[in-house]
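The values are calculated or read from the model by the stated rules, or taken from the named source; none is laboratory data. This structure is a prediction, so every number in the text was calculated from the model and none was measured. All Cβ positions, even for glycine, are placed from backbone atoms using ideal geometry, and neighbour counts span all protein chains on display. What goes into the accessible areas is simple: the full protein's heavy atoms, side chains included, and nothing from ligands, DNA or RNA. Shrake-Rupley method; radii C 1.70, N 1.55, O 1.52, S 1.80 Å.
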Protein chains: 2
Amino acid sequence: VSRTRFDMMNCAAAQALNRIGDWWTLLIVREAFYGATTFTEFQRPLGIAKNILTDRLVALVETGIFNRVQAKPGSSRYRYELTEMGRDLLPILIGLMQWGDRWIFGKGREPLVLLEAETREPIAKLTVQNKDGRALAADKIGFEPGPGATAETVARLTSA
Amino acid sequence: VSRTRFDMMNCAAAQALNRIGDWWTLLIVREAFYGATTFTEFQRPLGIAKNILTDRLVALVETGIFNRVQAKPGSSRYRYELTEMGRDLLPILIGLMQWGDRWIFGKGREPLVLLEAETREPIAKLTVQNKDGRALAADKIGFEPGPGATAETVARLTSA
């Protein structure tokens, strides 16, 4: 995959994918949601090579998805905490989990159940909704050029 | 990235990422949402090499994300149509777009506006919700082993 080309696309999904970098990012974010904060807590469950994890964490801090915080004053040990930008990846991560549960594992074979912490009730299936919260099927969604559309995007969407 | 390791994880997000394969898949699905059905309609806007697109479309048909349909009886030309499994990637794709709009392009610079087709009103921001449709912040979401959890998953979530 050409990273450069994705980076140049006038498309927020392409740019998001480019910024996320690779699949590991989303699994590192997954571990953070499960409560991981230290290098070891990320490394062990992922089974990721230490040099790859080191590279990814540096990149994720640069990107703004994690903050790196000293574990204690004067310590050379660090904790990695999701920023608001990082926490905002949650719908994407949960969308992936629900898609995998439905289409790969199948009903009754889900590895994990996501719950509302307070009630212990399973969360809802992620749906695309109109402004009033009504679910929209794929064929009920339209699109138009946004304020940041290039001339090329405008031409494409007009001809679509 | 080791595809094999993702494939072996007892995690629906990892398995979903493994099945999706690479970033191109999501942009090919994006084009399908915009109305592309023929090889040329996918190839031109993506600027993807023809041999790569051919490989991806074969894989996406095998995976069950697209159906390949003869354009006309007896024709050697084909249309590619999203299956239900493919359309079910829409929340993930829209999650990526909204994340990119918010964190990369920024407010007022979005390349594209997603609308409810009927009312032409912008769609809502994708949110994780409880069963009654109330939005849940990341720290209000819990998890427990599902029916398909391995012993390792159970041990991890119990210690988390």
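A few remarks follow.
- Out-of-range pairs (alpha-carbon distance over 24 Å; input A:140/B:125; A:140/B:72; B:50/B:125; A:131/B:107; A:125/B:125; A:107/A:140): A:140/B:72; B:50/B:125; A:107/A:140
- Kyte-Doolittle mean at least -0.5 and Cα axial length at least 18 Å: DSSP H helices in chain B: B:50-63
- Per residue, the convex hull around the alpha carbon atoms of the range A:40-79 comes to 71 Å³.
- Protein heavy-atom accessible surface, 1.4 Å probe, per residue over the range B:1-83: 48 Å².
- Whole-number percent relative contact order across the range B:74-160, with pairs defined as alpha carbons under 8 Å at least 6 apart: 13 percent
- Rg and Dmax of chain A, based on Cα coordinates, read 19.0, 60 Å.
- For the range B:28-101, applying the loop criterion from DSSP together with a ceiling of 12 other beta carbons within 10 Å to the trypsin sites (Lys or Arg not before Pro) yields B:77.
- Short-range pairs are left out: with C-alpha atoms under 8 Å and at least six residues apart, the relative contact order of the range A:1-55 is 18 percent.
- Shape category assigned to the range A:1-91 from the gyration tensor of Cα positions, a/c cut at 1.5: prolate
- For the range A:105-160, the list of GluC sites (Glu not before Pro) that fall in a loop by DSSP and count at most 15 other C-beta atoms within 10 angstrom reads A:118.
- Relative compactness, the protein assembly as shown, computed as alpha-carbon Rg over 2.2 N^0.38 Å: 1.01
- Loop sites in the range B:101-148: chymotrypsin sites (Phe, Trp or Tyr not before Pro), DSSP, at most 12 other Cβ within 10 Å: none
- When you restrict to C-alpha pairs under 8 Å that are six or more residues apart and normalise by the size of chain A, the relative contact order lands at 13 percent.
- For the range B:100-159 and the range A:80-120, distance of Cα centres in Å: 8 Å
- Distance in nm between pseudo-label sites at residue B:154 and residue A:34 (7 Å out along the Cβ direction from Cα): 1.6 nm
- Cα-centre dipole for chain A with unit charges at Cβ (Lys and Arg positive, Asp and Glu negative), debye to 20: 360 debye
- Residue B:144 sits among other residues whose Cβ lies under 11 Å from its own Cβ, and their net charge, with Lys and Arg +1 and Asp and Glu -1, is 0.
- Proximity of backbone amide H atoms, modeled 1.01 Å from N, is registered between residue A:67 and A:81, A:82, A:83 at under 5 Å, excluding neighbours fewer than 5 places apart on the same chain.
- When the Gaussian network model of chain A links Cα atoms closer than 10 Å, the mean-square fluctuations of A:55, A:132, A:22 top out at A:132.
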